[in-house]
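Heads up, the thing below is written out as structure tokens.
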Amino acid sequence: MPPAVSLQQVTKVYATSRVEVHALRGVDLDVDAGEMVAITGPSGSGKSTLLHVAGALDLPTSGALTVLGEDLRALSDDRLAAFRRRRLGFVFQFFNLLPTLSACENAALPLLLDGRGRREALARGAALLERVGLGDRLEHRPDELSGGQQQRVALARALAGDPALLLADEPTGNLDSEAGARVLDLLDEARRAQGLTVVLVTHDPGVAARADRVVRLKDGRVDAVTRPERAAAP
Ligand SMILES: Nc1ncnc2c1ncn2[C@@H]1O[C@H](COP(=O)(O)OP(=O)(O)OP(=O)(O)O)[C@@H](O)[C@H]1O
Ligand SMILES: [Mg+2]
């Protein structure tokens with residue numbers, strides 16, 4: 001099976017008025033379909049940039065990039081938007097929930113945008129919020145939710161459209177270990193049931209330990225790739 005994500009010598013240079021920032025300096029990375037890869041590394045090492053580029057939210061400056069069989073550079077803006085909406089789920093580092101919508105509407109947003117029936121979309125949103133422990137917060141707006149609750153709404157939204165690839169920027173960063181474990185259990189279930197591929201950024205060694213591979217970035221380059229030890233089955 002071809003990899004779900006393939007980056008070859010991907011670079012990203014942000015040109016601001018004063019300086020050029022080389023956020024990615026030639027990253028090679030293949031992620032297998034169904035795999036869960038954790039991206040780690042110090043602040044500013046390029047983790048979010050890598051995720052944005054893989055999620056077609058930002059174009060690489062150079063290099064080749066194939067995601068779920070699509071050469072992202074070859075797609076028009078419209079095709080790219082449809083590809084993102086139908087095939088990808090994205091959890092932003094700062095959630096990006098829509099402030100005027102309820103938690104349930106936010107979670108259901110990909111389905112609503114895709115023209116699915118409102119009732120079906122909201123039922124799916126509610127079911128996912130239930131799964132992440134927010135069944136009693138469906139009607140709350142984002143500013144009525146704690147940071148960790150907003151983060152879980154963002155995760156529910158990312159999973160609502162049954163994506164083939166989930167890109168998640170510190171999806172457990174604001175959660176206590178119990179809520180974090182619940183989120184990871186939900187991801188494991190989606191991986192088993194739908195073959196979901198997951199690339200997540202994390203600073204938490206406990207989260208990284210649940211990944212198939214850990215890719216450590218440093219200064220925009222892959223510094224190390226490791227496979228967490230698995231405890232032998234009893
Ligand atoms: N839009 C932008 N314009 C200019 N520079 C940027 C932009 N986005 C990111 N950068 C720079 O690119 C580098 C990589 O940023 P990135 O957000 O990918 O880091 P990160 O590894 O996710 O860090 P953190 O752990 O703090 O979230 C940083 O030096 C940052 O200042
Ligand atoms: Mg980041």
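The values are calculated or read from the model by the stated rules, or taken from the named source; none is laboratory data. Bear in mind the structure is a predicted one, so any value in this text is a computation, not a measurement. Backbone-built Cβ (ideal geometry, glycine too); neighbour counts: all protein chains shown.
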Could you check how many residues of the range 196-210 are in a helix (DSSP H, G or I) and either within 16 Å of ligand 2 (Cβ to nearest atom) or surrounded by 18 or more Cβ atoms within 10 Å (Cβ to Cβ) (or both)?
2
Taking the range 131-183 and keeping residues within 16 Å of ligand 1 (Cβ to nearest atom) and within 27 Å of PRO2 (Cα to Cα) leaves LEU167, ALA168, ASP169, GLU170, PRO171
Exclusive hit being surrounded by fewer than 24 Cβ atoms within 10 Å (Cβ to Cβ) and not in a loop (DSSP other than H, G, I, E, B), set ALA168, ALA156, ALA193:
ALA193
Of the numbered conditions (1) modelled with pLDDT under 95; (2) among the charged types (D, E, K, R); (3) within 29 Å of PHE83 (Cα to Cα); (4) within 16 Å of ligand 1 (Cβ to nearest atom), ASP188 satisfies every one except a single condition; which is it?
(4)
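Please verify whether the range 147-161 includes one or more residues that are among the small types (Gly, Ala, Ser) and farther than 22 Å from ALA56 by Cβ.
Yes, that holds for at least one residue.
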Output the residue which, of all residues in the range 1-26 that are modelled with pLDDT of 95 or more and charged (D, E, K, R), is nearest to the chain's Cα centre (by Cα).
LYS12
Output the residue which, of all residues in the range 27-36 that are more than 14 Å from ligand 1 (Cβ to nearest atom) and not in a loop (DSSP other than H, G, I, E, B), is nearest to the chain's Cα centre (by Cα).
MET36
May I ask you to list the residues in the range 46-59 that are within 9 Å of ligand 2 (Cβ to nearest atom) and over 14 Å from the mean Cα position of the chain (by Cα)?
GLY46
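Could you say whether any residue in the range 21-41 is touching a Leu at 6+ places or on another chain (Cβ under 8 Å), on the phi > 0 side of the Ramachandran plot, away from ligand 2 (no atom under 16 Å from the Cβ) and of a type in the set (A, V, I, L, M)?
no
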Lone qualifier among LEU51, LEU57, LEU68 - being within 14 Å of ligand 1 (Cβ to nearest atom) and either among the small types (Gly, Ala, Ser) or at pLDDT 95 or above (or both)
LEU51
